Amino acid sequence: MGQNMTKGNPIKLIILFTLPMLLGNIFQQFYSMADTFIVSRTIGVNAFAAVGSTGSISNLIIGLATGLTVGLSVITAQRFGKEDIKGIRKNLAASVMISAVVAIVLTIVATLFTRQILEFMNTPAALIEDAYAYLVVIFAGIGATVLFNLLSNVLRAIGDSRTPLLFLAIASILNVVLDYVFILGLGTGVEGAGYATVISQIVSSILCLVYIWKKVPVLRIRKEDWKVSKEEIMTHLNLGLPMGFQASIISIGAIAIQITLNSLGATAVAATTAAEKINGIATMPLVSFGTTMATYTAQNYGAEKYDRIWDGVRKITRIVVVYSFIAATLLIAFGSAIAKMYIGETDPEILNMVQTYFFTNSSFYFVLALLFIYRNTLQGLGKSTAPTAAGIMELLSRVIVALLLVSPLGYLGVTIANPLAWIGALIPLVISYYSFKRTTIAGEKKTLTRKLLTNN
């Protein structure tokens, strides 16, 4: 069995659960960084920019599938909090069936229309062939990505954040080795970086399957568990699909920005690629604490321990806000130097753009910190409306920036997109969380009053 987060010191539980997840997220980020780093140093800046330009597209497609698995695992955590073992196995069976169908559909659609999407996004002519070669391979491996995310999210839902870390570490090391094998040894170019990533994900998925079968009997699906009712499937779809669409909605906004970024040329794309890789590492603690809150909240919601939810949210918010100010200070001071270490000696214009990106984005990390906490907490409560509204706000903010600010402000306009999107998304989340909290507390008071009156 995993970690029960319904008992014990909330902040201690949250931190101990987050630490392995943080390392796991860094390893996952390392997947992408290894591809772009090795590509930049072995093939060139244009190939580096080509791989970087695919991020918003892959997030749109793969984000839908991985967001779906997050939603499905919330149900796992809630049932774990209720100690409903049979329900957990039913949940996993339904999740596997839904994920398989989604993965097949996305693989077919994505691989068929990759070039058309790149052309629609005005991908620079110097980048489009490499971007296409890389993306097709990544999309062909969607099934492995979905499987690993489903299994690792389910393990985290029952309180095990260490095992996914181990398998991510193995996959990351394998990814680096295979990058060099395919790119330098076999001369496959950027396509080889895609092969390395997909093979590594397949290996991590197999390791996860074997581990669950041998070591986690609560997740070992039996023959009767595959007999899933229509109601069970609908319960999972009602929570899983909105979370998948949230990720895709956010990615559509990112695509709008990527289109305008592409219009600024390969230099701007390269600068943003470098900045986003470093930004991804800097914000990993925020992502990790947010993800932990989904599991922590779901388990305690299933156990009907609401006071623990409020207490956990209040205490972890203080920690992530303090971290966000420290990270912002460091990136504003040393961001361009870090980027130079990452991409090597390059055009000073790229480094100036990187510094602009860090100044505008890291200054609002505290907003992003609150965004992750409230969004994941609401998802753990099974609330999908407000997070979806937040995703729509992010989309609208980025589209407005693309249409109105990039033309007059140039690259500065591109870098403003994230902070505006974060602010817009946070508003419905805060309103929803505190509305739910007030309603719940009022309901508990009424229940307590009725009990007292009955006893008297």
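Based on the mean of other beta carbon atoms within 10 Å per residue, what is the order of 222-229, 239-246, most packed first? Present the calculation step by step, with values, prior to reporting the outcome.
On the way: 222-229: 11.8, 239-246: 22.2.
Result, highest mean first: 239-246, 222-229.
Kindly state, to the nearest 0.05, the FRET efficiency for Thr111 paired with Leu237, given R0 = 22 Å and r defined as their beta-carbon distance.
0.35
For the chain, give the percent of accessible area contributed by carbon and sulfur heavy atoms, probe 1.4 Å, rounded to a whole number.
On the way: 12590 of 18880 Å².
In the chain, the share of accessible area belonging to carbon and sulfur is 67 percent.
Pairwise over distinct Cα atoms, reciprocal of the mean inverse distance: report the Kirkwood radius of the chain in Å, one decimal place. Let's see the in-between values first.
Values: mean 1/r = 0.0443 Å⁻¹.
After inverting the pairwise mean of 1/r, the radius is 22.6 Å.
Helix-only estimate, please: 222 nm mean residue ellipticity of the chain, summing -39500 (n - 2.57) across DSSP H runs of length 4 or more and dividing by its residues, to the nearest 500. Intermediate results must be reported in sequence, preceding the final value.
Numbers: 17 runs with 389 residues, N = 456.
So the helix-based figure for the chain works out to -30000 deg cm²/dmol.
Ignoring ligands and nucleic acids, what accessible area does Tyr211 show with a 1.4 Å probe (Å², nearest 10)?
60 Å²
Quote to one decimal, in nm, the extra length available between Val136 and Asn4 on full extension: 0.36 nm per residue of separation minus the C-alpha distance between them.
Details: separation 132, 0.36 × 132 = 47.52 nm, distance 4.09 nm.
Full extension from Val136 to Asn4 adds 43.4 nm.
How high is the FRET efficiency between Glu119 and Ser363 when r is their beta carbon distance and R₀ equals 56 Å, given to the nearest 0.05?
Working: r = 35 Å, r/R0 = 0.63.
Step by step, r from the Cβ atoms, then E = 0.95.
How far apart, in nm, are two points set 7 Å out from the Cα along the Cα-to-Cβ line at Val322 and at Ile170?
Rounded to a tenth, the inter-label distance reads 3.7 nm.
Rounded to the nearest 20 Debye, what is the dipole magnitude of the stretch 284-344 about its Cα centre when Lys and Arg each give +1 and Asp and Glu each give -1 at the C-beta? It would help to have the intermediate numbers written out before the result.
Details: 6 positive and 3 negative charges, 29 e Å.
So the magnitude is around 140 debye.
Please compute the length gained on full extension between Lys437 and Lys230, using 0.36 nm multiplied by the number of residues separating them and subtracting their Cα-Cα distance. Kindly include the intermediate steps, with their values, before the conclusion.
Values: separation 207, 0.36 × 207 = 74.52 nm, distance 3.17 nm.
Contour length minus Cα-Cα distance gives 71.3 nm.
Once you charge only the Cβ atoms, +1 for Lys and Arg and -1 for Asp and Glu, what is the size of the charge dipole of the chain about its Cα centre, to the nearest 20 debye?
On the way: 34 positive and 22 negative charges, 483 e Å.
Dipole about the Cα centre, nearest 20: 2320 debye.
Separation between the Glu444 and Val177 pseudo-spin-labels, each 7 Å from Cα along Cα→Cβ, expressed in nm?
5.1 nm
Give the distance, in whole Å, between the Cα centre of the stretch 69-102 and the Cα centre of the stretch 257-335.
Taking the Cα centre of the stretch 257-335 as reference, the centre of the stretch 69-102 is 26 Å away.
What nm value, rounded to one decimal, do you get for the distance between Ile259 and Glu83 when each label is placed 7 Å out toward the C-beta?
Placing both labels 7 Å along Cα→Cβ, they lie 5.4 nm apart.
Length gain on complete extension for the stretch Leu404 to Leu16, per 0.36 nm per residue less the alpha carbon to alpha carbon distance? Walk me through the intermediate numbers first.
Details: separation 388, 0.36 × 388 = 139.68 nm, distance 4.43 nm.
Between Leu404 and Leu16, full extension yields an extra 135.3 nm.
Leaving ligands, DNA and RNA out of it, work out the accessible area of Thr188 with a 1.4 Å probe and give it in Å² to the nearest 10.
That residue has around 40 Å² of solvent-accessible surface.
Using a 1.4 Å probe and ignoring any ligands, DNA or RNA, find the accessible area of Thr329 and quote it in Å² to the nearest 10.
Surface open to solvent at Thr329 totals about 90 Å².
Take the Cβ-Cβ distance between Trp310 and Ile206 as r, set R0 to 45 Å, and report the resulting FRET efficiency rounded to the nearest 0.05. The partial results should precede the final answer.
Values: r = 41 Å, r/R0 = 0.90.
Calculated transfer efficiency: 0.65.
Just to confirm the filter: which GluC sites (Glu not before Pro) across the stretch 283-357 are DSSP coil and have at most 15 other Cβ within 10 angstrom of their Cβ?
Values: sites: Glu304, Glu345, Glu349; in loops: Glu304, Glu345.
In loop regions of the stretch 283-357 (DSSP not H, G, I, E or B), the sparsely surrounded GluC sites (Glu not before Pro) are Glu304, Glu345.
Roughly how big is the stretch 76-226's charge dipole about its Cα centre, with Cβ charges of +1 (Lys, Arg) and -1 (Asp, Glu), in debye to the nearest 20? Walk me through the numbers on the way to the answer.
On the way: 13 positive and 10 negative charges, 205 e Å.
In total the dipole reaches around 980 debye.
Send over the semi-axes of the stretch 130-198's equivalent ellipsoid, whole angstrom and largest first, taken as the square roots of 5 times the C-alpha gyration tensor eigenvalues. Working shown, then result.
On the way: eigenvalues 148, 42, 7 Å².
Here the semi-axes work out to 27, 14, 6 Å.
Given Tyr323, Phe17, Ala442, which one lies farthest toward the positive end of the charge dipole of the chain, if we put +1 on the Cβ of every Lys and Arg and -1 on the Cβ of every Asp and Glu?
Of the listed residues, the answer is Ala442.
The values are calculated or read from the model by the stated rules, or taken from the named source; none is laboratory data. All values derive from a computational prediction rather than experimental measurement. When we count neighbours, we look across all protein chains shown, and the Cβ atoms used for this are built from the backbone with ideal geometry, even at glycine. Quick note on the areas: whole protein, heavy atoms, side chains included, nothing else; ligands and nucleic acids left out. Shrake-Rupley method; radii C 1.70, N 1.55, O 1.52, S 1.80 Å.
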